[in-house]
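Read through the structure below, which is laid out as structure tokens, and then see the notes.
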Amino acid sequence: MIELHNVSLKYGEKEILNKVSLTVKDNNIKAILGPSGVGKSTILKLMLGLIKPNSGQVIVDGTDITNMKEISLYAIRRKMGMVFQGNALFDSMTIAQNLGFFLRENLKLPEKEIIERVTEQIQFAGLEGYEDQLPESLSGGMRKRVAIGRALIFKPHMILFDEPTAGLDPVSSKKILSLINSLRANNNLGAVIVTHIIDDVFNVADTVAVLYKGEIIFDDVTEKLHDAQHPFIRSILSDKILEV
Ligand SMILES: Nc1ncnc2c1ncn2[C@@H]1O[C@H](COP(=O)(O)OP(=O)(O)OP(=O)(O)O)[C@@H](O)[C@H]1O
Ligand SMILES: [Mg+2]
């Protein structure tokens, strides 16, 4: 479980988050919806302890990580898989090497177990036959699936997605969303999906928080978004997509 309590954050003089509180439960898919530049990626960085808030607390599985030192944060980050907006794959490594990289480098697992876990993720992500290809020869949707497989290979408790469908065509987006939905079969795995695409929210999220001008203006089960009265939410429901 990840909790933000009254988190405020400024970049220089610019106030980005103003007393933001959020809870992401295990076994639950939570979307954070908001326009471009509102601070969505910043929230994911706070959850990973990559940046520190000016005030408030960030709590992961009951541990306050707000002022935790970098060395202690490694163990915390291992609980969380991160899928970056640009995927962050290694261009010169094959798909199988990309998937196994952090297991080899960080966990130093026996090679047999690495191969088993890589094979499991290749199957989960539907990448059979592409093991020895380089990322550049894959479509955007397939690269995203590699990034998801790589985030899952540590067997995290929580997976964080930054704009998982941005820039993908509708068919590839659908595949990514159904892959995210299939995470539900994995007991206790929670997910955070940061997005500006409202269809993503309705397709995968159990709950949704809407971030607008530094504040959470809605946080509830996804179906209730239809009844929200805030003018910004009314406008995104009619336009379907926020400006990028
Ligand atoms: N390291 C930084 N220093 C100064 N300003 C920053 C920094 N990182 C982000 N910002 C600014 O803070 C605001 C929030 O950034 P953030 O990347 O969290 O937004 P976002 O909601 O993820 O946007 P997008 O939809 O474009 O991905 C933006 O205006 C951005 O320009
Ligand atoms: Mg962002």
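No lab work stands behind these numbers, since they all come straight from the coordinates. Every value quoted in this text rests on a predicted model; they were computed, and no experiment measured them. Don't worry about glycine lacking a Cβ; one is built from the backbone with ideal geometry, like all the others, and counts go over all protein chains shown.
For the peptides 3-12, 161-170, 28-37, the ranking by mean Cβ contacts within 10 Å, running from highest to lowest, is 28-37, 161-170, 3-12.
Amide H contacts of Ser21: Asn6, Val7, Ile216, each under 5 Å away and 5 or more positions distant or on a separate chain (H built 1.01 Å from N in the peptide plane; Pro and chain starts excluded). Computed from backbone phi with θ = phi - 60° and the Karplus coefficients 6.51, -1.76 and 1.60, the 3J(HN,Hα) list for the stretch 23-38 is 10, 10, 8, 4, 6, 9, 9, 10, 9, 10, 10, x, x, 4, x, 7 Hz; x is used for glycine and proline. Measuring nothing but how far apart in sequence close Cα pairs (under 8 Å, 6+ apart) lie, relative to its length, the chain scores a relative contact order of 28 percent.
For the chain, the longest principal axis of the C-alpha atoms and the axis of helix 111-124 are separated by about 60°.
Give the shape of the chain as rounded, prolate or oblate, defined through the alpha-carbon gyration tensor: a ≥ b ≥ c are the square roots of its eigenvalues, a/c under 1.5 means rounded, and otherwise the shape is prolate if a/b is larger than b/c and oblate if not.
Values: a/c = 1.92, a/b = 1.34, b/c = 1.43.
Oblate.
Of all the options Lys108, Lys175, Lys213, the one that moves most in a Gaussian network model of the chain with Cα springs shorter than 10 angstrom is Lys108.
Label zone (Glu13, point 7 Å along Cα-to-C-beta; backbone nitrogen cut-off 20 Å) within the stretch 189-222: 214. Summarising the strand pairing of the chain, around 55 percent of its internal DSSP beta bridges are antiparallel. Sorting the segments 138-145, 203-210 by their mean number of nearby beta carbons within 10 angstrom, highest to lowest, gives 203-210, 138-145. Considering only Lys112, Lys155, Lys19, the Gaussian network model of the chain with Cα springs below 10 Å gives its largest mean-square fluctuation to Lys112.
Charge dipole of the chain (Cα centre as origin; +1 on each Lys and Arg Cβ, -1 on each Asp and Glu Cβ, all else neutral): 400 debye, rounded to the nearest 20.
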